[in-house]
1. Which of the residues that make up segment 43-54 are surrounded by 15 or more Cβ atoms within 10 Å (Cβ to Cβ) and part of a helix (DSSP H, G or I)?
2. Report yes if residue 40 is free of Cβ contacts under 8 Å to residues at least 12 places away in the same chain and surrounded by 12 or more Cβ atoms within 10 Å (Cβ to Cβ), otherwise no.
3. Kindly provide the set of residues from segment 16-37 that are touching a residue at least 40 places away in the same chain (Cβ under 8 Å), part of a loop (DSSP other than H, G, I, E, B) and surrounded by 14 or more Cβ atoms within 10 Å (Cβ to Cβ), ordered by number.
4. Restricting to segment 55-75, what's the tally of residues that are farther than 22 Å from residue 5 by Cβ and surrounded by fewer than 13 Cβ atoms within 10 Å (Cβ to Cβ)?
5. Which of the residues belonging to segment 58-74 are closer than 12 Å to residue 12 by Cα and not in a strand (DSSP E or B)?
C-alpha cells in the first residue's frame with residue numbers, strides 16, 4: 001500500500017475509528033475537539049479507549065476532510 005494513502009483502524013470495542021491518510025488535510029479538528037483520544041505526537045496516535053464512544057463519534061463527525069470515519073462494532 002502507498003505510504004501516502006494508509007488506512008488504519010483503531011477500536012475501543014464499541015466503535016472503530018478509521019483513518020485514511022490520503023484524505024487528511026491536517027486541520028487539527030480532531031486534536032482540538034478531543035485531545036484525550038487524538039494525540040498525533042504519540043504512537044498509536046488514536047487512543048479510542050481514552051474517551052466514551054459518544055464523544056469519539058461526535059469528534060469524528062467534525063472531521064472536514066472525511067479522513068476520519070467510524071463504524072459501530074457488532075455485539
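1. Result: 48, 50, 53.
2. Numbers: free of Cβ contacts under 8 Å to residues at least 12 places away in the same chain: yes; surrounded by 12 or more Cβ atoms within 10 Å (Cβ to Cβ): yes.
It is true that residue 40 is free of Cβ contacts under 8 Å to residues at least 12 places away in the same chain and surrounded by 12 or more Cβ atoms within 10 Å (Cβ to Cβ).
3. The one that is touching a residue at least 40 places away in the same chain (Cβ under 8 Å), part of a loop (DSSP other than H, G, I, E, B) and surrounded by 14 or more Cβ atoms within 10 Å (Cβ to Cβ): 24.
4. If we filter segment 55-75 for residues that are farther than 22 Å from residue 5 by Cβ, which is where we start, we get 55-59, 61-62, 72-75.
Right, trim to surrounded by fewer than 13 Cβ atoms within 10 Å (Cβ to Cβ) and you get 61, 72-75.
The number of residues fulfilling the criteria is 5.
5. As a first pass, look at segment 58-74 and keep what is closer than 12 Å to residue 12 by Cα: 70-73.
Residue satisfying the conditions is 73 alone.
Here, each number is a calculation from the coordinates, and none is a lab measurement. Predicted model only: the values in this text are computed from it and were never measured. Cβ sites come from the backbone with ideal geometry, for glycine too, and all protein chains shown count toward neighbours.
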